[in-house]
Amino acid sequence: MRSASSCCARHQHRHLARVALSVALTALLIATTAAAAAASISSSSGSTDDAAPEDATVMQNLSTHILDTTRGKPAPEVPVTLYVRTTSQTWTKVSTGITDGDGRFKSFFAEGQPGLQLGVYKLHFDVAQYFRARSVESLYPFIEIVFSVADPSQHYHIPLLLNPFGYSTYRGS
C-alpha cells in the first residue's frame, strides 16, 4: 500500500512541476515579448504613433508572433492566412505568409492594399507541419483566432502562445 501511495504522490509532484514550468515559461515569453516591443518603440525615430506605417502606401496595422511554450522559443516557418468575414457571413482570404525565424509575420497587406478595416477577421495558423517537422504529436492541425476590428487606426498584434496540446492568445501591443 505504501509504495502505491508513494508512486501517486511522486506522479502528482511531477505533474505539478511540469505545470509550474509551463506557466513560468509562458510568463517569461510574455515578459520577453513586452521588453522587446518596448525596446523597439524606444529605438524608433521618435514617433509616438505606433500605428503609423513605415511605407505610407501600405497600412500594416496587423502583426502576429508565435511562441512555442514547450520549447521556450519562437515558432518559425508556420503558414499564417488572414481572412475577413463578408456581409454574407462567409470568409474571404486576404493574404498568406510564413512566420520568420523569430516566429513573427507582419506583411499581411501588399502595396496599395488597405490594412485592416472595420469588421471581423480570423488568422489561420497551419501548425501541423511545424509539429511534424519536430517529430511532436499535436492535437491541433491548425488554430484559428477570430477577432474584431473596432478602430482601424490602431495596430492589432495577435500573438499565439502554442504547445502541442493547448494554446492561448491575447491582444498584444
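The stretch between Lys73 and Ser173, if pulled fully straight at 0.36 nm per residue, gains 34.1 nm over its current Cα-Cα span.
When a 1.4 Å probe is rolled over the protein heavy atoms, the share of accessible surface on region 62-169 that falls to carbon and sulfur comes to 52 percent. Label sites at Arg134 and Val146, each approximated as a point 7 angstrom past Cα along Cα to Cβ, lie 2.8 nm apart.
I need the shape label for region 61-148. Rule: rounded when a/c is under 1.5, else prolate if a/b > b/c, else oblate, with a, b, c from the alpha carbon gyration tensor. Verdict is prolate for region 61-148.
Cross-link partners for Lys73 among the lysines, with Cα-Cα distance under 23 Å and sequence neighbours closer than 8 places in the same chain left out: Lys106.
For region 86-91, the Karplus equation 6.51 cos²θ - 1.76 cosθ + 1.60, evaluated at θ = phi - 60°, returns couplings of 8, 5, 8, 6, 9, 9 Hz by residue, with Gly and Pro reported as x. Across region 62-169, the relative contact order, built from alpha-carbon pairs under 8 Å that are at least six residues apart, equals 33 percent. Residues in region 62-169 average 50 Å² of solvent-accessible surface per residue, probe 1.4 Å, ligands and nucleic acids excluded.
The values are calculated or read from the model by the stated rules, or taken from the named source; none is laboratory data. As the structure is a computational prediction, the values presented were derived from the model and not from experiment. No Cβ is skipped: glycine too gets one built from the backbone with ideal geometry, and neighbour counts run over all protein chains shown. Side chains are part of the model used for accessible areas, which takes the heavy atoms of the whole protein and leaves out ligands, DNA and RNA. Shrake-Rupley method; radii C 1.70, N 1.55, O 1.52, S 1.80 Å.
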